[in-house]
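Visitor: Okay, handing you the structure first.
The values are calculated or read from the model by the stated rules, or taken from the named source; none is laboratory data. Because the structure is predicted, anything quoted here is derived from the model rather than measured. Here the Cβ positions follow ideal geometry from the backbone for every residue, glycine too, while neighbour counts run over all protein chains shown. Areas reflect the complete protein model, heavy atoms only, side chains present, ligands, DNA and RNA absent. Shrake-Rupley method; radii C 1.70, N 1.55, O 1.52, S 1.80 Å.
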Amino acid sequence: MGSRKQDSSIARKEANKDVVKASLNNCPSSPRKMRLVVDIIRGEQVDKALYILKYSKKDASNKLEKLLLSAMANWQAKNEGADIEEANLIVKEIFVDSARQLKRLRPAPQGRGYRIRKRSNHVTLILGNKEN
């Protein structure tokens, strides 16, 4: 009985070798600006996504490029000896969630203060094989 449970966990680990995750927490840019860049690379192959991020003018692309490289390194650590070019990796899922907001006051006319919300975000990136 215990061996069947062990077999299913081994099979799940083998299936999980193809999927790898990386996340970027508390990134100090607004989620709306980050989503503009994220939408461009969703579903793309890894090398094409790196090319897009490298030559994009947006500030968020620098942070996403670093995150994508981190996810690729995580894949290499999981699949030792495998070639990343032959793996046919794509950006399977990528999403942006809002994180904490820093609330500040800006002086306004007649003794008032306008509230400034400095937003930040969390980005989660999941790489997977094209076949799956």
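Visitor: In whole percent, and with a 1.4 Å probe on the protein chains, what portion of the accessible area of the chain is carbon and sulfur?
Guide: On the chain, the fraction of accessible area on carbon and sulfur atoms equals 48 percent.
Visitor: If you compute percent of Cα pairs over 27 Å apart for the structure shown, which of (i) 30; (ii) 36; (iii) 58 do you land on?
Guide: Computed from these coordinates, percent of Cα pairs over 27 Å apart corresponds to label (ii).
Visitor: Out of the chymotrypsin sites (Phe, Trp or Tyr not before Pro) in region 48-132, which ones are loop residues according to DSSP with at most 11 other C-beta atoms within 10 Å?
Guide: Taking region 48-132 and a limit of 11 other Cβ atoms within 10 Å, the loop chymotrypsin sites (Phe, Trp or Tyr not before Pro) found are Y55.
Visitor: Name all residues of region 30-62 having a backbone nitrogen under 12 Å from the label point set 7 Å from the Cα of R106 along its Cα→Cβ direction, giving them as ranges.
Guide: none
Visitor: Accessible area per residue of the chain at 1.4 Å probe, in Å²?
Guide: Per residue, the chain has an accessible area of 71 Å².
Visitor: Under a straight-distance cross-link criterion of Cα-Cα below 17 Å, which aspartates and glutamates are reachable from K58, leaving out those fewer than 8 residues away in the same chain?
Guide: D39
Visitor: Under 10 Å, Cα contacts only: if you run a Gaussian network model on the chain, which one of E85, E44, E65 comes out with the highest mean-square fluctuation?
Guide: The residue with the greatest mean-square fluctuation here is E85.
Visitor: Here is a follow-up. Between K33 and E93, what is the label-point separation in nm under the 7 Å Cα-to-beta-carbon projection?
Guide: Placing both labels 7 Å beyond Cα along the Cβ direction yields 2.7 nm.
Visitor: Take the alpha carbon atoms of region 40-84, find their center, do the same for region 94-118, and report the distance between the two centers in whole angstrom.
Guide: 32 Å
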